[in-house]
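Colleague: Please see the structure below; I have some questions.
The values are calculated or read from the model by the stated rules, or taken from the named source; none is laboratory data. All values reported here derive from a predicted model rather than from experimental measurement. We place every Cβ from the backbone using ideal geometry, glycine too, and count neighbours over all the protein chains shown.
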Amino acid sequence: MRHLILGSGIAGLQAARAIRSTQPEAQITMLGREAEPPYARPMISQLLEGAVEPIHLDLGLPPDVRLISEDEAVSVHAAERTVATLQGRRLAYDRLLVATGADPRGIRAENTDLENIHFMRTKAQVREMLRALPQSRRALVLGGGLVGFKAAYGFLRQGLDVTMLIRSEYPLSQQVDPTAGKLVRDKLEENGLGVLVGKDVARFEEDGAGRVWRAQLTDGSVLDCDVAVIGKGVLPVTGFLEGSGVDVDLGILVDEQMRTSARDVFAAGDVAEHFDLARDERWVNAIWPEAADQGRIAGLNMAGVPARYPGSLSRNTIRIFDMDLTTCGLVNPPEDAGFETVQDGDAKKGTFRRLVFSGDRLVGAACVNRIEQAGVLRALIAGRAPVPCPKKDLLREDVHPAGLFPFFP
Amino acid sequence: MRQVVVHPERCVGCMQCMAACAAAHSQSGFLAAAIRENPLPAPRVHVGSGRYGEGFPNRCRHCDPAPCMTACLPGAIYRDRILNTVLIDPSRCINCASCAMACPFGVIRYHRDPWVSPNRAVAVKCDNCVHRQTQGLIPACAEVCKSGALTFEEPEGAMKRRTDEMARRTAGYVEQERIGEEAPGFMLLRQLKKRAIQLTE
């Protein structure tokens with residue numbers, strides 16, 4: 001059996017591991033756009049911060065997996081079971097996994113091709129940022145999402161002056177509610193971050209040697225910067241699937257075995273659109289742990305071992321200086337949509353917890369500090385069962401499995 | 001293979017397992033000396049209380065597949081196949097707490113630990129007392145438990161006892177008031193605690 005995996009991220013790697021664990025003889029080929037073998041992508045932020053060395057990111061490959069790097073698919077021919085690549089290869093398969101991930105969204109500003117203006121998605125990009133670090137003093141970060149936040153945090157830890165341009169009043173507005181968001185913003189500002197709300201870059205200006213020197217904002221003001229990071233979200237990489245018979249919405253539509261609409265073609269990771277357990281609708285949750293899970297499930301099914309993926313949840317664990325934050329599910333539900341919110345905090349201890357319910361089901365949770373039990377809340381959200389105790393009991397920072405279920409296993 | 005089996009109906013919440021666990025994972029290995037160590041040894045089993053004051057020793061289940069293992073960014077969490085134990089390599093752990101979000105039982109903690117990482121906070125959890133088992137000893141929590149809430153035995157045997165008890169109950173051989181006889185006295189204690197809390201509510 002020939003397995004072809006498009007993408008060398010965690011979804012592709014977990015699929016390769018799952019296939020190898022059940023089919024020792026199968027032929028597995030992995031096609032990766034980057035020059036690197038699989039690595040732990042989220043750790044590029046720790047790399048920028050200087051907390052780890054590049055070697056700590058390496059994940060290795062299962063035995064006998066052929067990795068073709070620096071090449072990517074340009075078209076899929078499901079009828080003949082082949083994939084054509086940019087470098088002119090034609091690869092045949094019996095089972096195909098599309099795990100091509102997502103690409104950063106561009107911005108409309110002028111001169112974004114100057115030196116020292118980066119996306120932050122790959123190890124290579126962070127390596128370039130680190131190379132320019134000794135000459136950098138002022139960093140500009142566009143966007144307050146996860147990537148923007150991690151870039152800003154990394155630069156702060158490296159001792160740069162950092163300014164962040166965001167649309168909402170606080171960073172991570174997709175992940176946190178206003179109260180937790182304010183705590184995040186305060187913690188970052190306390191440590192030297194400059195935050196500008198509602199402003200965007202109109203054009204970057206160069207210093208005469210091709211490097212970025214300053215940025216002109218939409219309101220006409222000017223900001224000096226020697227390095228800039230664009231963190232405006234990501235979009236699934238699906239362009240090469242046109243005409244392949246694989247149905248695509250925002251991401252590739254998959255069923256609970258991670259099958260696409262085309263025969264013997266599977267999809268997993270940031271490129272796949274499955275079902276969100278908290279939102280109760282189709283959704284792309286482009287996060288690493290879900291990509292890992294989806295890859296494993298896809299790999300098992302590709303190897304003929306039936307496995308089911310129940311659905312995904314957005315979630316994040318973030319450490320900001322001495323503050324810990326976890327969020328999961330629907331933390332900011334639409335107003336007047338019948339959601340109930342229970343929250344409590346202790347300013348002295350610096351703790352805060354917010355829970356969102358839909359009827360008697362928990363659908364979202366945000367915790368600031370004392371995050372050890374966050375997984376219990378995540379499991380409750382993922383389980384989609386009525387909460388078996390009074391709702392306010394879940395606010396206890398030591399919420400305990402025993403408190404939730406009598407005779408818990 | 002023998003495993004630590006939890007019998008929650010027998011837990012009285014005395015927390016001796018926590019003290020024994022911390023001592024077993026201290027530099028000295030003895031409780032009296034362990035309490036003077038820096039960093040202070042911390043337990044890896046956590047006795048919590050339920051809605052009505054029921055004790056419950058919460059301990060790593062060593063799941064297979066383990067969600068913490070899939071979620072670990074640097075690949076620091078692995079399975080020891082011989083002792084069927086999920087372990088954390090402290091030298092690879094970056095203390096990112098991704099595993100906190102993954103563990104449905106909330107059994108992972110983050111701190112300096114005299115046993116594995118005295119100078120840097122890392123993720124710490126139950127290791128089934130691998131070091132004791134290799135010396136022919138049983139896990140410290142099961143050794144110290146006086147009420148039989150933590151036993152070290154073949155899971156199949158424990159499962160069969162539980163199935164038999166359930167079968168006797170549902171078949172109606174046991175009169176209502178004798179339910180819980182497997183754990184005599186414990187049911188009464190639980191009922192008293194529950195009634196006391198319900199009265200104050």
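Colleague: Kindly provide the set of residues from segment A:326-347 that are of a type in the set (G, A, S), touching a residue at least 24 places away in the same chain (Cβ under 8 Å) and away from every other protein chain (no Cβ under 14 Å), ordered by number.
Modeller: Initially, segment A:326-347 is screened for residues of a type in the set (G, A, S), giving A:329, A:337-338, A:345, A:347.
So of that shortlist, the ones also touching a residue at least 24 places away in the same chain (Cβ under 8 Å) come out as A:329, A:345.
Within segment A:326-347, just A:G345 meets the criteria.
Colleague: Then there's this: Given the structure, is B:S91 under 17 Å from the mean Cα position of the chain (by Cα) and either of a type outside the set (S, T, N, Q) or within 12 Å of another protein chain (Cβ to nearest Cβ) (or both)? Show your work before the answer.
Modeller: Values: under 17 Å from the mean Cα position of the chain (by Cα): no; either of a type outside the set (S, T, N, Q) or within 12 Å of another protein chain (Cβ to nearest Cβ) (or both): yes.
No.
Colleague: Which of (1) assigned to a helix (DSSP H, G or I); (2) touching a residue at least 12 places away in the same chain (Cβ under 8 Å); (3) not basic (K, R) is the odd one out, the single condition A:I55 does not satisfy?
Modeller: It is condition (2) that A:I55 fails.
Colleague: Among (1) surrounded by fewer than 21 Cβ atoms within 10 Å (Cβ to Cβ); (2) closer than 29 Å to A:R396 by Cβ, there is one condition B:D89 misses while meeting the rest; what is its number?
Modeller: In the conditions (1) surrounded by fewer than 21 Cβ atoms within 10 Å (Cβ to Cβ); (2) closer than 29 Å to A:R396 by Cβ, B:D89 misses (2) alone.
Colleague: Among the residues of segment B:52-79, write down those that are touching a His at 6+ places or on another chain (Cβ under 9 Å) and farther than 22 Å from A:M43 by Cβ. Full working, then the answer.
Modeller: Looking only at segment B:52-79, we keep the residues that are touching a His at 6+ places or on another chain (Cβ under 9 Å), and these are B:56-59, B:74, B:79.
Those that are touching a His at 6+ places or on another chain (Cβ under 9 Å) and farther than 22 Å from A:M43 by Cβ: B:F56, B:P57, B:N58, B:R59.
Colleague: Please go through segment A:344-385 and give me each residue that is out of contact with any strand residue (DSSP E or B) (no Cβ under 9 Å at 6 or more places or on another chain) and of a type in the set (A, V, I, L, M), ordered by number.
Modeller: A:A347, A:V376, A:A379
Colleague: Based on this model, can you work out whether B:C21 counts as more than 8 Å from chain A (Cβ to nearest Cβ) and either under 25 Å from A:D293 (Cα atoms) or modelled with pLDDT of 95 or more (or both)? Can you show your working first?
Modeller: Details: more than 8 Å from chain A (Cβ to nearest Cβ): yes; either under 25 Å from A:D293 (Cα atoms) or modelled with pLDDT of 95 or more (or both): yes.
Answer is yes for this residue.
Colleague: Determine whether A:R263 is in a loop (DSSP other than H, G, I, E, B), surrounded by fewer than 22 Cβ atoms within 10 Å (Cβ to Cβ) and not aromatic (F, W, Y). Don't jump to the end; show me each part of the working.
Modeller: Numbers: in a loop (DSSP other than H, G, I, E, B): yes; surrounded by fewer than 22 Cβ atoms within 10 Å (Cβ to Cβ): yes; not aromatic (F, W, Y): yes.
Considered against the rule, which asks whether it is in a loop (DSSP other than H, G, I, E, B), surrounded by fewer than 22 Cβ atoms within 10 Å (Cβ to Cβ) and not aromatic (F, W, Y), A:R263 comes out as yes.
Colleague: Then there's this: Tell me which of these A:A124 doesn't satisfy, since it passes every other one: (1) of a type in the set (A, V, I, L, M, F, W, C); (2) modelled with pLDDT of 95 or more; (3) farther than 28 Å from A:P54 by Cβ; (4) exposed (fewer than 15 other Cβ atoms within 10 Å of the Cβ).
Modeller: (3)
Colleague: Give just the number: which of (1) over 30 Å from B:R162 (Cβ atoms); (2) within 27 Å of the chain's Cα centre (by Cα); (3) surrounded by fewer than 21 Cβ atoms within 10 Å (Cβ to Cβ); (4) not aromatic (F, W, Y) does A:C367 not satisfy?
Modeller: Checking A:C367 against (1) over 30 Å from B:R162 (Cβ atoms); (2) within 27 Å of the chain's Cα centre (by Cα); (3) surrounded by fewer than 21 Cβ atoms within 10 Å (Cβ to Cβ); (4) not aromatic (F, W, Y), the one that fails is (3).
Colleague: To continue, here is another question. On the given criteria, is B:I108 within 12 Å of chain A (Cβ to nearest Cβ) and surrounded by 15 or more Cβ atoms within 10 Å (Cβ to Cβ)? Steps first, answer last, please.
Modeller: Working: within 12 Å of chain A (Cβ to nearest Cβ): yes; surrounded by 15 or more Cβ atoms within 10 Å (Cβ to Cβ): yes.
Yes: the conditions hold for B:I108.
Colleague: Just to be sure, is B:K146 more than 22 Å from B:R79 (Cβ to Cβ) and without any contact (Cβ under 8 Å) to a residue 24 or more places away in the chain? Walk me through it before giving the result.
Modeller: Numbers: more than 22 Å from B:R79 (Cβ to Cβ): yes; without any contact (Cβ under 8 Å) to a residue 24 or more places away in the chain: no.
Answer is no for this residue.
Colleague: Another question about this same structure. Of the residues that make up segment A:3-18, is at least one within 12 Å of another protein chain (Cβ to nearest Cβ) and at pLDDT below 95? Working first, answer last.
Modeller: Just the residues of segment A:3-18 that are within 12 Å of another protein chain (Cβ to nearest Cβ), to begin with: A:10-11, A:13-14, A:17-18.
Pick out the ones that are also at pLDDT below 95 and you get none.
Taking every residue of segment A:3-18 in turn, none turns out to be within 12 Å of another protein chain (Cβ to nearest Cβ) and at pLDDT below 95.
Colleague: Another one. Please find, among A:L67, A:L47, A:L61, A:L31, the residue that is buried (at least 22 other Cβ atoms within 10 Å of the Cβ) and at pLDDT 95 or above. Show your work before the answer.
Modeller: Working: A:L67 fails: buried (at least 22 other Cβ atoms within 10 Å of the Cβ); A:L47 fails: buried (at least 22 other Cβ atoms within 10 Å of the Cβ); A:L61 fails: buried (at least 22 other Cβ atoms within 10 Å of the Cβ).
Unique residue meeting the criteria: A:L31.
Colleague: Take the residues in segment A:214-236 that are over 14 Å from A:T163 (Cα atoms) and either in contact (Cβ under 8 Å) with a residue 12 or more places away in the chain or basic (K, R) (or both), then tell me which one is surrounded by the fewest Cβ atoms within 10 Å (Cβ to Cβ).
Modeller: Taking segment A:214-236 first, the residues over 14 Å from A:T163 (Cα atoms) are A:218-220, A:232-236.
Imposing the further condition that a residue be either in contact (Cβ under 8 Å) with a residue 12 or more places away in the chain or basic (K, R) (or both) reduces the set to A:218-219, A:232-236.
Numbers: A:T218: 13, A:D219: 10, A:K232: 17, A:G233: 15, A:V234: 19, A:L235: 17, A:P236: 24.
Per the stated criteria, the residue is A:D219.
Colleague: Going residue by residue through segment B:53-72, is there one that turns out to be of a type in the set (A, V, I, L, M, F, W, C) and within 15 Å of B:P139 (Cβ to Cβ)?
Modeller: Yes: one or more hits.
Colleague: Hey, another quick one. Every residue in segment B:47-65 that is more than 7 Å from chain A (Cβ to nearest Cβ), more than 16 Å from the chain's Cα centre (by Cα) and not acidic (D, E), please.
Modeller: Within segment B:47-65, B:Y52, B:G53, B:P65 qualify.
Colleague: Among the residues of segment B:78-94 satisfying the criterion of being in a strand (DSSP E or B) and free of Cβ contacts under 8 Å to residues at least 24 places away in the same chain, which is farthest from B:N119 (Cα to Cα)? Can you show your working first?
Modeller: Taking segment B:78-94 first, the residues in a strand (DSSP E or B) are B:78-80, B:85-88.
Among the residues that remain, those that are also free of Cβ contacts under 8 Å to residues at least 24 places away in the same chain are: B:78-79.
On the way: B:Y78: 22, B:R79: 25 Å.
Only one residue fits best here, namely B:R79.
Colleague: Within segment A:307-318, how many residues are charged (D, E, K, R) and either surrounded by 17 or more Cβ atoms within 10 Å (Cβ to Cβ) or in the same structural domain as A:E190 (by TED's automatic domain parsing) (or both)? Steps first, please.
Modeller: Initially, segment A:307-318 is screened for residues charged (D, E, K, R), giving A:308, A:315.
Those left that are additionally either surrounded by 17 or more Cβ atoms within 10 Å (Cβ to Cβ) or in the same structural domain as A:E190 (by TED's automatic domain parsing) (or both): A:315.
The qualifying residues number 1.
Colleague: Looking only at residues in segment A:220-250 that are small (G, A, S) and over 15 Å from A:A79 (Cα atoms), which one is nearest to the chain's Cα centre (by Cα)? Lay out the reasoning, then the answer.
Modeller: Initial filter on segment A:220-250 (small (G, A, S)): A:220-221, A:228, A:231, A:233, A:239, A:243-245.
Next, only the ones that are over 15 Å from A:A79 (Cα atoms) stay: A:220-221, A:228, A:231, A:233, A:239.
Numbers: A:G220: 33, A:S221: 32, A:A228: 20, A:G231: 12, A:G233: 9, A:G239: 20 Å.
Checked segment A:220-250; the qualifying residue nearest to the chain's Cα centre (by Cα) is A:G233.
Colleague: What tally of residues in segment A:80-108 results from selecting those that are free of Cβ contacts under 8 Å to residues at least 12 places away in the same chain and among the hydrophobic types (A, V, I, L, M, F, W, C)?
Modeller: 1
Colleague: Give me the pairs: first residue in segment A:1-21 and among the basic types (K, R), second residue modelled with pLDDT of 95 or more, beta-carbon distance under 6 Å, and six or more apart or on different chains, which are they?
Modeller: That search, which allows pairs on different chains as well, returns A:R2/A:Q27; A:R2/A:Y93; A:R2/A:D94; A:R17/A:P62; A:R20/A:P62.
Colleague: Output the number of the condition that B:M101 fails; it satisfies all remaining conditions of (1) hydrophobic (A, V, I, L, M, F, W, C); (2) within 21 Å of A:R378 (Cα to Cα); (3) more than 7 Å from chain A (Cβ to nearest Cβ); (4) outside any loop (DSSP other than H, G, I, E, B).
Modeller: It fails just one condition, (3).
Colleague: Of all residues in segment A:59-116, which are closer than 30 Å to A:A228 by Cβ and among the β-branched types (V, I, T)?
Modeller: A:T100, A:I107, A:T112
Colleague: When the residues of segment B:72-88 are narrowed to those that are out of contact with any Phe, Trp or Tyr (no Cβ under 8 Å at 6 or more places or on another chain) and at the interface with chain A (Cβ under 10 Å from one of its Cβ atoms), which ends up nearest to B:H25 (Cα to Cα)?
Modeller: Filtering segment B:72-88 for residues that are out of contact with any Phe, Trp or Tyr (no Cβ under 8 Å at 6 or more places or on another chain) and at the interface with chain A (Cβ under 10 Å from one of its Cβ atoms), the one nearest to B:H25 (Cα to Cα) comes out as B:A76.
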